[in-house]
1. Which order, highest average first, do 84-92, 275-283 follow once you tally other Cβ atoms within 10 Å for each residue and take the mean per peptide?
2. Go through 108-119, 154-165 and give me the packing order, highest mean Cβ count within 10 Å leading.
3. Report, to the nearest 10°, how far helix 223-236 tilts away from the longest principal axis of the Cα atoms in the chain, using its own Cα long axis and a range of 0 to 90°.
4. Between the helical axis of 123-135 and the dominant principal axis of the chain, each derived from Cα atoms, what acute angle in degrees is found, rounded to the nearest 10?
5. Would you look at the GNM of the chain, springs on alpha carbons closer than 10 Å, and say which of 319, 302, 242 moves the most?
6. Beyond 21 Å, what share of the Cα-Cα pairs of segment 3-123 remains, rounded to the nearest whole percent?
7. Using a ≥ b ≥ c from the Cα gyration tensor of segment 124-343 (square roots of the eigenvalues), is it rounded, prolate or oblate, where a/c under 1.5 gives rounded and otherwise the larger of a/b and b/c decides, a/b for prolate?
8. Starting from the Cα of residue 190, step 7 Å along the direction of its Cβ; do the same at residue 228; then give the gap between the two resulting points in nm.
């Protein structure tokens with residue numbers, strides 16, 4: 001198998017574009033020999049078994065596997081090693097749980113290649129995939145209501161907030177609060193927002209797996225430290241969805257949809273921002289903070305002064321305008337039933353079937369990241 005062929009096959013198995021940009025990333029990260037090893041690890045395996053299949057020296061292969069682990073390209077358990085099953089998994093394990101300090105840190109060259117790939121190619125794919133999903137009757141991403149905005153909305157009872165919408169409750173209930181760097185900002189981001197904002201490993205095996213490993217930036221925080229980060233994220237205008245605090249400058253989805261003028265691909269949640277005109281001073285801070293063009297200034301009835309007005313059909317319920325209103329002139333209204341939230345939960349696509357027809361002994365797990373954190 002030629003050098004180009006092995007990178008092409010690896011891209012295909014990841015479900016990634018077989019493009020000049022993505023093949024350049026693989027070429028910069030992996031030698032052809034390392035890429036062949038990764039091709040064999042789409043399901044976990046031991047060094048001994050892998051050496052037998054590849055017909056190579058076990059000691060030499062062990063050194064190569066250790067190098068790939070040190071660089072964050074593959075994961076390992078006590079005896080097993082594994083690569084990734086999706087492009088998204090590769091990206092996030094390199095980015096938000098990857099090696100960012102020390103001798104094995106991701107090089108600037110690799111980061112630049114990822115940036116070129118994302119901003120000029122992958123972002124277009126994100127929009128196309130979301131558009132097809134919507135055309136087929138599916139739903140887009142749904143934002144999580146801001147903790148600060150819910151706290152500023154006493155009209156909404158805590159009992160009315162679904163567990164999946166109640167981020168504050170989830171933080172308090174977590175057994176381990178592990179926070180990492182934002183994958184997008186770390187690997188290709190072109191913004192000055194804080195880095196340590198990712199909750200992908202918050203209270204799960206993924207975070208525990210990578211915590212304290214050499215070169216990783218993940219940190220285990222107290223409840224107070226976690227809430228401080230969350231409030232900082234909301235105050236500076238980062239948008240919360242799923243496990244991420246995102247911005248339209250780097251986020252896989254928000255950048256892609258904003259660039260394509262397809263904010264309709266972001267699903268509104270059950271909460272709508274509203275304005276108390278008597279308290280509104282017309283400062284326009286909310287207009288600047290809204291990432292969805294959902295607020296405009298209008299003359300209020302009986303007054304020449306401009307007041308903030310929410311364009312209901314544009315509001316996604318992120319709550320950033322409410323958190324940033326110094327006059328406390330804004331709050332949430334609960335405008336959709338529970339069924340709206342339940343029916344629109346984003347379903348993570350399942351992974352590929354077993355490697356080859358008839359071979360069922362090497363099972364490939366499924367999930368958002370396609371990673372392996374329960375290796376033997």
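Coordinate-derived values only; no laboratory data. Everything numeric here is computed off the predicted structure, so don't read it as measured data. In this analysis, Cβ positions are derived from the backbone assuming ideal geometry, glycine residues included, and neighbour counts consider all displayed protein chains.
1. Ranked by mean Cβ neighbours within 10 Å, highest first: 84-92, 275-283.
2. 108-119, 154-165
3. Here the helix axis deviates by roughly 70 degrees.
4. Helix 123-135 sits at roughly 70 degrees to that axis.
5. Greatest mean-square fluctuation among the candidates belongs to 302.
6. 36
7. prolate
8. About 3.3 nm, to one decimal.
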